[in-house]
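The values are calculated or read from the model by the stated rules, or taken from the named source; none is laboratory data. Every value quoted in this text rests on a predicted model; they were computed, and no experiment measured them. All Cβ positions, glycine included, derive from the backbone under ideal geometry; neighbour counts span all protein chains shown. Just the protein is used for accessible areas: all its heavy atoms, side chains included, with ligands, DNA and RNA removed. Shrake-Rupley method; radii C 1.70, N 1.55, O 1.52, S 1.80 Å.
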Amino acid sequence: MIPWLGTALEFPAVDRALAEPEGLLAAGGDLSLARLTLAYSRGIFPWFSVGQPILWWSPAPRMVLFSAELKVSRSLEKTLRHGAYRVSCDQDFAGVMQACAQSPRPGQDGTWISPQMVDAYCRLHAAGVAHSFEVWMDGELAGGLYGVALGRMFFGESMFHRRTDASKIAFVHMVRHLAAHGFSMIDCQVYTPHLASLGGRLIARDAFCSEIQALTVQRQPEQLWGYQHNNESA
């Protein structure tokens, strides 16, 4: 059994999460700015489908990318240097979320990025807590990702691509930009071969929580989210 959250702004300790399904911690509550911010600061995130109650998760082990361990293949580095694209930050947050919701996922039927989730994270974005990185090709949104930033910790949520390598371009630019401003770790939530190929790896949940406890309280650099990179003349 898992706890049912009421109106009180609280979560169970993450070590109470179930082993099966892995990381399920609690149900109920709401998707308010205060609750979502508290959840991320404790290594917890919401993930549920339409028709389900809000479900809260804290998997063990946790998939992360240490910025210094980012892996970029030679072919991807060539695309980054010579491809025709533009990268922006926070130029179309809602568009990125909608595109992530519409992207098919292997082994998944439908999407967990429901209108309820889009509304909640757009409110987080309006509050300066959630952010997106967009890749544009030929004037169209070709790929991107979004997540939550607290202090100098970025919690990745989802990514998509409509053109080859567009999501990887967004990811690499995001990691390199944030690393240059003191973000040493990116949360990737759960293992996927795609993230592993980019340098992501699993760490113990207690180690993850210790890292985010230190990183989320650090002061965030000013003008961090005005990132732009134009490679269209390449």
Checklist entry - Under a no-solvent Debye model with one identical scatterer per Cα of the stretch 1-116, what's log10 I(q)/I(0) at q = 0.13, 0.22 Å⁻¹? => result -0.72, -1.32
Next on the checklist: Taking amide H atoms as placed 1.01 Å from N in the peptide plane, list the residues 5 or more away in sequence, or in a different chain, whose amide H sits under 5 Å from that of Phe155.
Outcome noted: Val148, Ala149, Leu150, Asp187
Next on the checklist: Using the Kirkwood radius over C-alpha pairs as Rh, can you work out the diffusion coefficient of the stretch 128-234 via Stokes-Einstein at 37 °C, viscosity 0.692 mPa s, in µm² per second?
Outcome noted: 224
Next on the checklist: Probe of 1.4 angstrom, ligands and nucleic acids ignored: what's the accessible area per residue over the stretch 1-129, in square angstrom?
Outcome noted: 50
Checklist entry - 222 nm [θ] for the chain, helices only, -39500 (n - 2.57) per DSSP H run of 4+, per residue, to 500? => result -9000 deg cm²/dmol
Checklist outcome for this item: In terms of the alpha carbon gyration tensor, root eigenvalues a ≥ b ≥ c, rounded if a/c is under 1.5 and otherwise prolate when a/b exceeds b/c or oblate, the stretch 185-224 is oblate
Checklist entry - Sorted by average packing, counted as other Cβ atoms within 10 angstrom per residue and highest first, what order do 29-40, 210-221 take? => result 29-40, 210-221
Checklist outcome for this item: Note: Ala94 to Ala27 extended length (0.36 nm per residue) minus current alpha-carbon separation gives 21.5 nm
Checklist entry - So what J values fall out for the stretch 167-183 if you push phi through Karplus, 6.51 cos²θ - 1.76 cosθ + 1.60 with θ = phi - 60°, rounded to Hz, Gly and Pro as x? => result 5, 5, 4, 4, 5, 5, 4, 4, 4, 5, 5, 5, 4, 5, 10, x, 8
Checklist entry - Normalised by the residues of the chain, what does the relative contact order come to in percent, with Cα pairs under 8 Å and at least six apart? => result 26
Checklist entry - Under the Karplus relation 6.51 cos²θ - 1.76 cosθ + 1.60, θ = phi - 60°, what is the ordered set of whole-Hz ³J(HN,Hα) values for the stretch 6-19, x standing for Gly and Pro? => result x, 7, 5, 7, 7, 9, x, 4, 5, 6, 8, 4, 6, 7
Checklist entry - Roughly speaking, what is the stretch gain from Phe48 to Ala196, that is 0.36 nm per residue apart minus the C-alpha to C-alpha distance, in nm to one decimal? => result 50.9 nm
Checklist outcome for this item: Using the Kirkwood formula on alpha carbons, the hydrodynamic radius of the chain in angstrom works out to 18.1
Checklist outcome for this item: Length gained if Trp4 through Leu70 is fully extended, taking 0.36 nm per residue and subtracting the Cα-Cα distance, is 19.9 nm
Checklist entry - Carbon-plus-sulfur fraction of the accessible area of the chain, 1.4 Å probe, in percent? => result 52
Item to check | Integer Hz, Karplus 6.51/-1.76/1.60 couplings in order for the stretch 145-156, x for Gly and Pro | outcome: 7, 9, x, 10, 10, 10, x, 10, 10, 10, 9, x
Checklist entry - Around Gly182, which amide H atoms from residues at least 5 apart in sequence, or from another chain, sit under 5 Å from its own amide H, with H modelled in the peptide plane? => result none
